[in-house]
Amino acid sequence: MSAIGVVSSCSCFHPGVWLLKSGMQKMSSFGLHTAARCAAKDYYEVLVLGGGAGGIAMSARMKRKVGAGNVAVVEPSKTHYYQPLWTLVGGGAKQLAASARPTGSVMPKGVEWIKSRVTALDPDKNCVWLENDIKVSYKYLIIALGISLHYEKIKGLPEGFDHPKIGSNYSIHTVEKTWKAIQDFKEGNAIFTFPNTPVKCAGAPQKIMYLSDAYWRKTGKRSKANIMFNTSLGAIFAVKKYADALLEVIKERNIAVNYKRNLVEVRADRQEAVFENLDKPGEIEVHQYGMLHVTPPMGPPPVLINSPVSDATGWVDVDKETLQHKKYPNVFGIGDCTNLPTSKTAAAVAAQSGVLDKTISLVMKNQLPAKKYDGYTSCPLVTGYNKVILAEFDYNAQPLETFPIDQSKERVTMYHMKADMMPLLYWNALLKGYWGGPAPFRKLMHLGLK
């Protein structure tokens, strides 16, 4: 696979920056941790696979339960990225460097960081296999391996990114190409795509479209742009309340939406994008473009495909309320790699981390899990350089909003929350295991109205 097809963690985040636990600030300094190419030990009470948002958050929580020396995280990447910022990086509103920190700086103090990749899972023997045939056993396993990007499943990619006028906010290698393509745009079709697979942060493919529209209006190019959103889906968004609001934005800004259109090929040398009409399989449409933003097909990390811990489609098979594995009671999953029927976002990870913390605590005491995850997820839908519609919803695609206001309206305050407050909450609360989502804050806000 190309370097662009990487495994990465979740994408959107959530509100409630004001509800930080007391004493959290004194935990903000980074501590030393144990790092090794190979595991220093061959057994850990808690083994965490993946050092993204879910993996780091849960390792911090587990450290407080069983002690740092009894927890290890398997993660090969040297850099940890706050990926929700990449929408704004692609739109020229933030610098890429602001989204990155060394993995060692976010690893909880004393927790062992195993700089390797998982090659196989053997839950029947309570062990995993790493590169170089290294075996590591565990008492409890937390799987937080994220989701894989598959640009190579689109003919002409990833090599097409070597050409101008094309970018993608989903990869460290291509996000800055998006901003260049927006700036260099002169005229013609500006096409934004959504693949025919599960994705992380389902709102992100259209957020960059609204930022592009705003930039071209500001620079006098909008009249020369025919903006198209070609999506494999049959609706603009899964939750009707927010879909209705987005359709108003789309109408107001004269954006064309083509449903059931899946990008299958990019002819970058000719600036042509080829789409299949999913309602008429085999029928293709070819569009010339002056700018193209690609959202890649995505799927489970390869190590999970045909694994004993996964369902038939390759996602970790967990109970949707407790996050405990359906077959192996000492195995748990969190985030994008699971088959939880909710949108794959960092906001979802935050809420899941609080529930999973309670679940594991009870399992460790030989008790049945009681805390239930309701599917909470959130997507701050950026509709301009100072506008956001804050979508929050549950398993049933029903709004589950934090604030006692109409969150389907574009708001400047929500933009600043997305751009300025959420990164602080991510680095200083979620990754340190102190943020379990906005549910307590939501209750306080709504109780205050009674």
The chain: relative contact order from alpha carbon pairs under 8 Å, six or more residues apart, as a whole percent, is 20
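When the dipole is taken about the Cα centre of the chain, and only Lys, Arg (+1) and Asp, Glu (-1) are charged at their Cβ, what size is it in debye, to the nearest 20? It would help to have the intermediate numbers written out before the result.
On the way: 55 positive and 38 negative charges, 273 e Å.
The dipole magnitude comes to about 1320 debye.
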Among 202-212, 96-106, 398-408, the order from most to least packed when residues are scored by Cβ within 10 Å on average: 202-212, 398-408, 96-106
Starting from the Cα gyration tensor of the range 151-298, take the square roots of the eigenvalues, sort them a ≥ b ≥ c, and report rounded, prolate or oblate (rounded when a/c is under 1.5, otherwise prolate if a/b is larger than b/c, else oblate). rounded
Could you check what % of the DSSP bridge pairs in the chain are antiparallel, to the nearest 5? 50
Rounded to 0.05, the calculated FRET efficiency for the beta carbons of ILE405 and LYS371 at R₀ = 35 Å is 0.80
Can you give me the accessible area per residue for the chain, using a 1.4 Å probe, in Å²? 40
By how many degrees, 0 to 90 and rounded to 10, does the Cα axis of helix 240-252 deviate from the longest principal axis of the chain? 30
Which order do the peptides 286-299, 214-227 come out in when sorted by mean C-beta neighbours inside 10 angstrom, highest first? 286-299, 214-227
Using the structure shown, list the pairs from LYS94/LYS186; LYS344/LYS372; LYS186/LYS241; LYS207/LYS326 with a Cα-Cα distance above 28 Å, or answer none. LYS186/LYS241; LYS207/LYS326
For the range 151-298, size of Cβ-based charge dipole, Lys and Arg +1, Asp and Glu -1, in debye: 480
If the chain between ARG101 and ALA312 were fully stretched, how many nm would it gain, using 0.36 nm times the residue separation less the Cα-Cα distance? 72.4 nm
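Round to a whole number: what % of the accessible area of the range 151-298 belongs to carbon and sulfur, probe 1.4 Å?
Reported share for carbon and sulfur atoms: 48 percent.
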Just how far, in whole angstrom, is the range 372-428 from the range 191-262 if you go by their alpha carbon centroids? 18
By its C-alpha gyration tensor, with a ≥ b ≥ c as the square roots of the eigenvalues, how is the range 287-356 shaped: rounded for a/c under 1.5, else prolate for a/b larger than b/c, else oblate? oblate
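Can you give the % of DSSP beta bridges in the range 151-298 that are antiparallel, to the nearest 5?
That works out to approximately 40 percent antiparallel.
Okay, helix-only estimate at 222 nm for the chain: each DSSP H run of n ≥ 4 adds -39500 (n - 2.57), divide by all residues, round to 500 deg cm²/dmol; what do you get? It would help to have the intermediate numbers written out before the result.
Working: 10 runs with 98 residues, N = 450.
Only helices count here, giving -6500 deg cm²/dmol.
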Restrict the search to the range 115-155; then list the chymotrypsin sites (Phe, Trp or Tyr not before Pro) that DSSP places in a loop and that have at most 14 other Cβ atoms within 10 Å of their Cβ. none
With a ≥ b ≥ c the root eigenvalues of the C-alpha gyration tensor of the chain, is it rounded (a/c under 1.5), prolate (a/b larger than b/c) or oblate? prolate
Highest average packing first - 346-359, 414-427, Cβ atoms within 10 Å: 346-359, 414-427
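The values are calculated or read from the model by the stated rules, or taken from the named source; none is laboratory data. Everything numeric here is computed off the predicted structure, so don't read it as measured data. FYI the Cβ positions are ideal-geometry reconstructions off the backbone, even for glycines, and counts take in every protein chain you see. We work out accessible area using only protein heavy atoms, side chains counted, and drop any ligands, DNA or RNA first. Shrake-Rupley method; radii C 1.70, N 1.55, O 1.52, S 1.80 Å.
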